[in-house]
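Shown next, in structure tokens, is the structure this report addresses.
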There are 2 protein chains.
Amino acid sequence: MAKATIKEVAAEAEVSTATVSRVLNDSGYVSDEIKERVMEAVAKLNYQPSAIARSLKQDKTFMIGVIVPDISNPYFMGISRGIEDVVGVEGFQLMFCSSDESPEKESRLLQLLQEKRVDAIVLATAGGNDEAIRSLAASGMPIVLVDRKLEDEAAGQTLDLVAEDNTEGASRLAAKLLEDGHVRIGVVNGPARVSTGRERYAGVLKAMKEFGLEPNPLVYNGAFTTEDGIRAVRKFLQADSRPTAIVSLNNRMSLGVLLEIVRSGWRIPDDIAVASFGEVEAGSLLKNPGLYYIDQHPYDMGIKAGDILLKRIRKEEPQLEPAVEIFRNEVNRIG
Amino acid sequence: MAKATIKEVAAEAEVSTATVSRVLNDSGYVSDEIKERVMEAVAKLNYQPSAIARSLKQDKTFMIGVIVPDISNPYFMGISRGIEDVVGVEGFQLMFCSSDESPEKESRLLQLLQEKRVDAIVLATAGGNDEAIRSLAASGMPIVLVDRKLEDEAAGQTLDLVAEDNTEGASRLAAKLLEDGHVRIGVVNGPARVSTGRERYAGVLKAMKEFGLEPNPLVYNGAFTTEDGIRAVRKFLQADSRPTAIVSLNNRMSLGVLLEIVRSGWRIPDDIAVASFGEVEAGSLLKNPGLYYIDQHPYDMGIKAGDILLKRIRKEEPQLEPAVEIFRNEVNRIG
């Protein structure tokens, strides 16, 4: 039998849904006669008003918590859309929380979700919460890591993961600039505790070594925001030996890099060439920017993550082995 | 007494937190002796593992649900940051849901949140849910509307609202283009059921009348996405009488408008001038685009919404009058 809705209860009792709500929540005046009619309709239709009470019985909330460091980054929203297209047909809804790249905030959010308000968690970790995450997984909460690994990668290998081959991608990206003859490279990166930043940075160094260069680029570490890209360019432009090319290790920082180079009156790529890990849609506003970028596939990653989630929630198979999907991406160019 | 944590229970029982979890969730093997030690520690510290069970007693979840039509729009994230900075200090966390501009999806989300999984709701409605929203508010769930009114504005006036003076703003914005001599205007708008689109469009018509023009601009109705801005420009460029200026009624569509004009080889503003309701950060990548925009203040709106939320959650005062805050914004120009 399909679950009764408040509308059906209202129709059965011949009152408005607001009246049904008032009766069930015991708020506002309702005559005894109406109250009785509503409660009879509730009983007849077996209507269950409280999802919290229901979830105690069913042990399901039909909500999946998604914790990401930057909720307005189209990359994470692309992943979410893929997940939603898979889990939505099974009745699950996504609820998003933003850690704002703060391990402390992420820790609070994990605790909130841990307490069984959600059926599973998708996490792009801000770092610093290895223990809490592993203990949460050990407690039986399905957790799928997306984009980012735990800080202690070996210990994290018991967890499901959908990520990218960051080292290889960043190495190819940097190689494009090196092939073009650049030797003074500036690298814009996030915090060192985040695996994507660590791996991508390693990829840049790898490429520099392969091209016979000393692997010691100028580096700016921020928090993966547009503002960080702006600050990085300001720092690089003041350097004694100004870089002729910048590798920016995420899409948000890359927008900041472009904005600040243009604002400072330099030309892209003639004065400073730019390469971005991740597409920057607005880059097309520039005339022939020669902008190299790693073409990410967040939606496809989300589809994979959604598949894994459903398996884990349904407990289809014992989690003997974690599911690990690594996406390998190509370098493209705008203009 | 402060609430006991799982760590304290683990320390008291001299086991790991994972073991405590296994005992409490009855998952995985744990010896009877260890089980007893854990349960003794739980009893001694009065540890309450389930937030759902706790919320049934406390009648608080410390979560505020935020439903917006486009979770990755920096405008809505600006509002959210303001809200969070106010309610966060009181221990409330925000959980975001995206309606993707779909009334059906919004309706499902409202139902999910209605069932008392959150202490309050912040809503930028996709439209079409007037009755559900009013009935939810009548049931005692604090709801603060942000950015957008209900479709039936008169009936919606019992609800708290933080919004902008859209008609006045759009009128001033369009007036800038008209002052510059443009008479063939293209308007890029969202769906007619959304109040911001309706009001802003009315503002454009108002300005046209004031300038003695027939108020019948070319119009494209989309869903407030970047892709819609792109499609609108394609349509306008094929029109018999191509507009010399475009008014785009939200920031996302404005980015699409800029991208597609540039891609088509036209110059901004010489071939086509652009005015945007809402700032487009990437607009600065263009050389002297002469881009008019309404300077919105989402963070300040969020602060106001947060203040209202706390009042309502605390039930500080009877809700005799809805709180209504309308922001009036200025026109600025890039380049």
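The values are calculated or read from the model by the stated rules, or taken from the named source; none is laboratory data. Note that this is a predicted model, so its numbers are computed, not measured. As a convention, Cβ positions derive from the backbone with ideal geometry for all residues, glycine included, and neighbour counts pool all protein chains shown. The accessibility values were calculated without ligands, DNA or RNA, using every heavy atom of the protein model including side chains. Shrake-Rupley method; radii C 1.70, N 1.55, O 1.52, S 1.80 Å.
Summary table
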{"quantity": "Meets criteria (within 13 Å of chain B (Cβ to nearest Cβ) and modelled with pLDDT of 95 or more) for A:Leu309", "calculated": "no"}
{"quantity": "A:Val162 vs. criteria part of a strand (DSSP E or B), in contact with a strand residue (DSSP E or B) (Cβ under 9 Å, 6 or more places away or on another chain) and over 30 Å from A:Ser241 (Cβ atoms)", "calculated": "yes"}
{"quantity": "Condition met for B:Ile246 (open to solvent by 10 Å² or more (accessible area, probe 1.4 Å), at pLDDT 95 or above and more than 14 Å from every other protein chain (Cβ to nearest Cβ))", "calculated": "no"}
{"quantity": "Extreme residue, farthest from A:Gly335 (Cα to Cα), among residues of segment B:227-243 that are open to solvent by 20 Å² or more (accessible area, probe 1.4 Å) and touching a helix residue (DSSP H, G or I) at 6+ places or on another chain (Cβ under 7 Å)", "calculated": "B:Arg242"}
{"quantity": "Segment A:199-209: number of residues that are open to solvent by 20 Å² or more (accessible area, probe 1.4 Å) and under 15 Å from A:Pro243 (Cα atoms)", "calculated": "0"}
{"quantity": "Search result, residues across segment B:127-152 that are buried (at least 20 other Cβ atoms within 10 Å of the Cβ), small (Gly, Ala, Ser) and more than 11 Å from chain A (Cβ to nearest Cβ)", "calculated": "B:Gly127"}
{"quantity": "Tally, over segment B:172-187, of residues that are crowded, with 23+ Cβ neighbours inside 10 Å and in a helix (DSSP H, G or I)", "calculated": "3"}
{"quantity": "Enumerated helices (runs of 4 or more DSSP H) restricted to segment B:2-56, each holding at least 3 residues that are modelled with pLDDT of 85 or more", "calculated": "B:6-13, B:32-45"}
{"quantity": "In segment A:249-268, the residues that are without any contact (Cβ under 8 Å) to a residue 60 or more places away in the chain and open to solvent by 10 Å² or more (accessible area, probe 1.4 Å)", "calculated": "A:Leu255, A:Glu260, A:Val262, A:Arg263, A:Ser264, A:Gly265, A:Trp266, A:Arg267, A:Ile268"}
{"quantity": "Hits in segment A:285-299 (condition: modelled with pLDDT under 95 and within 11 Å of another protein chain (Cβ to nearest Cβ))", "calculated": "A:Lys287"}
{"quantity": "Subset tally (residues that are within 20 Å of B:Arg328 (Cα to Cα) and open to solvent by 20 Å² or more (accessible area, probe 1.4 Å)) for segment B:188-198", "calculated": "1"}
{"quantity": "1 or more residues among the β-branched types (Val, Ile, Thr): qualifying strands (runs of 3 or more DSSP E) within segment A:64-154", "calculated": "A:120-123, A:143-146"}
{"quantity": "Index of the failed condition, A:Gly212 passing every other in (1) away from chain B (no Cβ under 14 Å); (2) farther than 28 Å from A:Gly256 by Cβ; (3) at pLDDT 95 or above; (4) crowded, with 18+ Cβ neighbours inside 10 Å", "calculated": "(4)"}
